[in-house]
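Beneath this line is the structure, given in structure tokens, with notes to follow.
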Amino acid sequence: MTFEHVLQYLLAGITIGSIYAIVAIGFNIIYNTTGIINFAQGEFLMVGAMTAVTFSRLVPLPLAIAIGIAVTVAVGVLIDFVFIRNLKKPTVLNMIIVTIGLSIIIREVALHVWDEKVRSLPYFTGDEISSINILGAYISPQALWVLGICATMVVLLNVFFKYSVMGRSMRACSANPVAARLCGINTKNMVTMSFVLSAAIGALAGCVMSPITQTQYDCGTSLAIKGFTVAILGGLGNSTGAIIGGLIVGILEEFSISVMPLAYKDAIAIAILLLIMFFRPSGLFGKQEVSALKEF
Amino acid sequence: MLRIRNLHAGYENLLVIKGASLHVNPGEIVTIIGANGAGKTTLLQTLAGLVRPREGEISFDKTSITALPAERIVGMGCVLVPEGRQVFGTLTVEENLFLGSYSRRRSLPREEYRRELGDVYRLFPRLEERSGQLAGTLSGGEQQMLAIGRALMAGPRLIMLDEPSMGLAPIIVKTIFEVLARLRDMGKTILLVEQNAKAALRIADRGYVMETGQIILEESAAELLNNKDVQRAYLGKEYKSIADLGEQGERQ
Ligand SMILES: Nc1ncnc2c1ncn2[C@@H]1O[C@H](COP(=O)(O)OP(=O)(O)OP(=O)(O)O)[C@@H](O)[C@H]1O
Ligand SMILES: [Mg+2]
């Protein structure tokens, strides 16, 4: 492999890896507030992108994306109001099973609304043949959009959870919901907020990746698996871990193409997931002390 | 300040509180003693809004809080320090204290917040030393101090505590009871549930005895300490050992 080849794979890996990181962060946001894993997270990316594609024929692209985000947020809020808020026994396991069921329902509804055709948003700037030369490797301007938007979201989310009143109270709900209520925090509203937030960043990620990877009614499933792997790899709830985990999985996947048949690419994430589960369940960057304080 | 009339409350198909009535006057320390399973925790949880009453009246400062959810009751100045050191384990000590003031987030000026945080740190200097540490990694005693400190950050007029001494070393228990006495001197009103009846009655003004969901006795703390039945039931063996433990604590 030449240096240019290595760089080429590396750039492709970083691009796709940052999408995985955003999916993982979506998992983390809901996990950090409720302690549950929302397996419908991949569907948020799909709904956001599909809605934006539909509207992009009618309105300017930024507006179409905004509509995609708004619709996805509405779906997230609906999920919370209809299924999570009123769960009789809101145990972690019950809620996780609910989200798995929901992901299947959303996929089926999407199939009826849109059919099974593969679609994509137009490139935000340039088109599929425009590329930027970086030290001999070529990167699509859309990949720069992906990287820029993902990085911005990560920084903003970190500041939000660390310093804002709402971010802190969302973390408190996850740590101890009863104590949170005794402090005056409306835990149900915080759960709703976590669905709003992860639906919004999921939809935005779905839109920004759509020109590169394209979008189909069932693309959420594999994204959810990758994102879940990354979340576990980085330590559940840890967004810095999610970024590094995302880059690791993305880069490994891209390099695997050069040594293994393409069909094995998707198996990489599963293999990593199994290895992590066996050898380091708290993830690479999950602090042992923190994970000991969490439910799982 | 707090008045409860004919309260009935419990869980799905179990009635625990069966017609309890009691009151707490401003500036008092009132204690509720009773055997395991008498319903003391359930009573406090009902007062704090975590358990819905089925019947009866709870009023705080002449306003009815009977139907209010927990997150609204704190805002009225009535706060519960729940049983078993319920801190936010994955947040730092300072973040825990910050969230204590959540119910006043819109009305509390920054300087005032800083001042009250300083007050809590003065009551519990250990918390200041550990302000950046994750609460879940604190010792049991430190977690209980944090739970009390966090409740104080709500700026309450009435503090309800559910067995603050449970499972703690005698020296820490002593610190906590001293803090409660200081809080009363600072004008706070306290409703204290304790297994450690002797220690509780020593700082309390009045006490209630609870048995199977009902208040069976109300007297001044001094009278209860001398009451033969109470001595036999709640101060019996404990009476001596606690006094001894207290002295050990002082010597350390
Ligand atoms: N969440 C719950 N669901 C159902 N029953 C409960 C629940 N919590 C407590 N109980 C029952 O209510 C009764 C009173 O319990 P409670 O915790 O109020 O007693 P307590 O006086 O605080 O006891 P202790 O001194 O041991 O803390 C007990 O019989 C208990 O089994
Ligand atoms: Mg109890």
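The values are calculated or read from the model by the stated rules, or taken from the named source; none is laboratory data. The model shown is predicted, which means the values in this text are computed figures rather than measured ones. Note that each Cβ is placed from the backbone with ideal geometry, even for glycine, and that neighbours are counted across all protein chains shown. For the accessible areas, the whole protein counts, side chains as well, though only heavy atoms, and no ligand, DNA or RNA atoms are used. Shrake-Rupley method; radii C 1.70, N 1.55, O 1.52, S 1.80 Å.
Table: residues versus (1) of a type in the set (Gly, Ala, Ser); (2) more than 16 Å from B:Glu71 (Cβ to Cβ).
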| site | (1), (2) |
| --- | --- |
| A:Ile149 | no, yes |
| A:Met153 | no, yes |
| A:Leu156 | no, yes |
| A:Ser164 | yes, yes |
| A:Ser169 | yes, no |
| A:Asn176 | no, no |
| A:Ala179 | yes, no |
| A:Ile185 | no, no |
| A:Lys188 | no, no |
Task: Which numbered condition B:Gly132 misses (of (1) in a helix (DSSP H, G or I); (2) farther than 14 Å from B:Ile176 by Cα; (3) of a type outside the set (Val, Ile, Thr); (4) open to solvent by 20 Å² or more (accessible area, probe 1.4 Å)) - done: (1)
- [ ] Kindly indicate whether A:Glu108 is among the charged types (D, E, K, R) and without any contact (Cβ under 8 Å) to a residue 12 or more places away in the chain.
- [x] yes
Open item on the list: I need the full set of residues from the stretch B:10-40 which are assigned to a strand (DSSP E or B) and within 16 Å of ligand 2 (Cβ to nearest atom), in order please.
Closed with: B:Gly10, B:Tyr11, B:Leu14, B:Val16, B:Ile17, B:Ala20, B:Thr31, B:Ile32, B:Ile33, B:Gly34
TODO: Have a look at B:Leu80, B:Leu43, B:Leu7 and point out the one that is assigned to a helix (DSSP H, G or I) and open to solvent by less than 20 Å² (accessible area, probe 1.4 Å).
DONE: B:Leu43
Task: the stretch B:159-199 - residue that is open to solvent by less than 20 Å² (accessible area, probe 1.4 Å) and of a type in the set (Ser, Thr, Tyr) and, of those, farthest from B:Thr46 (Cα to Cα) - done: B:Ser165
- [ ] Mind counting the residues in the stretch A:77-107 that are open to solvent by less than 50 Å² (accessible area, probe 1.4 Å) and either under 17 Å from A:Asp218 (Cβ atoms) or outside any helix (DSSP H, G or I) (or both)?
- [x] 7
Open item on the list: What are the pairs with Cβ atoms under 6 angstrom where one residue, in the stretch B:58-69, is within 14 Å of chain A (Cβ to nearest Cβ) and closer than 15 Å to B:Leu43 by Cα and the other, located anywhere, is in a loop (DSSP other than H, G, I, E, B) and acidic (Asp, Glu)? Sequence gap at least six, or different chains.
Closed with: none
Open item on the list: Here are the criteria: (1) touching a Leu at 6+ places or on another chain (Cβ under 6 Å); (2) more than 16 Å from ligand 2 (Cβ to nearest atom). Tell me which single one B:Ala48 does not satisfy.
Closed with: (2)
Task: Matching residues, the stretch B:82-94, being within 18 Å of B:Leu158 (Cβ to Cβ) and at the interface with chain A (Cβ under 8 Å from one of its Cβ atoms) - done: B:Pro82
- [ ] Tell me, yes or no, whether the stretch B:39-57 has at least one residue that is within 14 Å of another protein chain (Cβ to nearest Cβ), more than 16 Å from ligand 1 (Cβ to nearest atom) and over 30 Å from B:Gln231 (Cα atoms).
- [x] no
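Taking B:Leu99 as the residue in question, decide whether it is at the interface with another protein chain (Cβ under 7 Å from one of its Cβ atoms) and surrounded by 18 or more Cβ atoms within 10 Å (Cβ to Cβ).
For B:Leu99, the condition - at the interface with another protein chain (Cβ under 7 Å from one of its Cβ atoms) and surrounded by 18 or more Cβ atoms within 10 Å (Cβ to Cβ) - is met.
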TODO: Can you work out which of the residues in the stretch B:10-31 that are within 16 Å of ligand 1 (Cβ to nearest atom) and among the hydroxyl-bearing types (Ser, Thr, Tyr) is surrounded by the most Cβ atoms within 10 Å (Cβ to Cβ)?
DONE: B:Thr31
Task: helices (runs of 4 or more DSSP H) contained in the stretch A:153-232 and holding at least 3 residues more than 14 Å from every other protein chain (Cβ to nearest Cβ) and closer than 26 Å to A:Ser103 by Cβ - done: A:187-213
- [ ] Can you tell me which residue within the stretch B:102-127, out of those that are within 23 Å of B:Asp162 (Cβ to Cβ) and facing chain A (nearest Cβ under 10 Å), is least open to solvent (accessible area, probe 1.4 Å)?
- [x] B:Tyr102
Open item on the list: I want to confirm something. Restricting to the stretch A:179-194 and keeping residues that are in contact (Cβ under 8 Å) with a residue 60 or more places away in the chain and open to solvent by 30 Å² or more (accessible area, probe 1.4 Å), which single residue is farthest from B:Leu146 (Cα to Cα)?
Closed with: A:Met193
Open item on the list: With the requirement that a residue be open to solvent by less than 40 Å² (accessible area, probe 1.4 Å) and touching a residue at least 60 places away in the same chain (Cβ under 8 Å), what does the stretch A:120-148 give you?
Closed with: A:Leu121, A:Gly136, A:Ala137, A:Ile139, A:Ser140, A:Gln142, A:Ala143, A:Val146
